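Input: a single structure, listed below in structure tokens.
The values are calculated or read from the model by the stated rules, or taken from the named source; none is laboratory data. Quick caveat, the model's predicted, so the values are computed rather than measured. So basically every Cβ, Gly included, is an ideal-geometry build from the backbone, and we count neighbours across all protein chains shown. Protein only, heavy atoms only, side chains kept; ligands, DNA and RNA dropped before computing areas. Shrake-Rupley method; radii C 1.70, N 1.55, O 1.52, S 1.80 Å.
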Amino acid sequence: YNPFITVNCGVLTEQLLECDLFGHEKDAITGLHFKRRGKLETVSGGTLFLDEIAAITPKMQFQLLKVLESKQFQRIGSTEEIPADFRLIAATNEPLEELMKKGIFREDLYYKLNVFSIIIPPLRERIEDIPVLANHFLIKFTESMKKRKKGFSQSAMDFLMNYEWPGNIRERENAVERAVVVNKSEIIEVEDLPFRISSQNYY
């Protein structure tokens, strides 16, 4: 079993991200009276996926670079070197090249990460994927909420196909979740979609 661990860097403060990745010793941080293993330790032999990598601070950029170069790290409050054995995948919706030129993102970390790049076009450029994703999220949320839904009406699907989706897949997921919550029948209709979406004109 090789673990696959995801960390959303965009929703964590610098201190929380540092604790989450590196772990800490007992009382190394005020109020934390216990020892904790970080994601870098628990992912050993597996894959670590850092989402929204562009959001990490200069301090965290340096620490991550150090781990990638030395292949070891220390828990917060410890001097013990722990081996770092994992595959790293990073994702961002911001162009790291531009952030690097502005001095916001470290050049050395950028090149360390950019061994192999996959550019995923925005959802509006992959219209053929929209029905597949919509039905995937519909199944996901109907099962988790224990609701019975057969699918989308033609008008609702037409609307989803024509919407620009500035928030990409996350916006699509949230829209379907909301529709499952408010829908009163077995078929998702246009009016079940979020107000900001359903107020947009479509053809």
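Matching residues to (1) more than 23 Å from Phe49 (Cα to Cα); (2) at pLDDT 90 or above; (3) open to solvent by 90 Å² or more (accessible area, probe 1.4 Å); (4) touching a Pro at 6+ places or on another chain (Cβ under 7 Å):
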| site | (1), (2), (3), (4) |
| --- | --- |
| Tyr111 | no, yes, yes, no |
| Ser117 | no, no, no, no |
| Glu125 | yes, no, yes, no |
| Ile130 | yes, yes, no, no |
| Ala134 | yes, yes, no, no |
| Gly167 | no, no, no, no |
| Asn174 | no, yes, yes, no |
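Report those helices (runs of 4 or more DSSP H) wholly inside region 14-98 carrying at least 2 residues which are within 17 Å of the chain's Cα centre (by Cα) and within 15 Å of Leu109 (Cβ to Cβ). It would help to see each step written out before you state the result.
Working: elements: 14-22, 39-42, 58-70.
Result: 14-22.
Count of region 17-45 residues, restricted to those that are out of contact with any helix residue (DSSP H, G or I) (no Cβ under 9 Å at 6 or more places or on another chain) and of a type in the set (D, E, K, R), is 5.
Rundown of residues vs (1) of a type in the set (S, T, N, Q); (2) open to solvent by less than 60 Å² (accessible area, probe 1.4 Å), yes/no style:
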residue: Glu14; (1), (2): no, no
residue: Cys19; (1), (2): no, yes
residue: Phe22; (1), (2): no, yes
residue: Leu40; (1), (2): no, yes
residue: Ser44; (1), (2): yes, no
residue: Phe49; (1), (2): no, yes
residue: Phe62; (1), (2): no, no
residue: Lys66; (1), (2): no, no
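Residue-by-condition table, conditions (1) out of contact with any strand residue (DSSP E or B) (no Cβ under 9 Å at 6 or more places or on another chain); (2) closer than 26 Å to Ala28 by Cβ; (3) in contact (Cβ under 8 Å) with a residue 24 or more places away in the chain:
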position: Ile56; (1), (2), (3): no, yes, yes
position: Ile76; (1), (2), (3): no, yes, yes
position: Glu81; (1), (2), (3): no, yes, no
position: Phe116; (1), (2), (3): yes, no, no
position: Pro122; (1), (2), (3): yes, no, yes
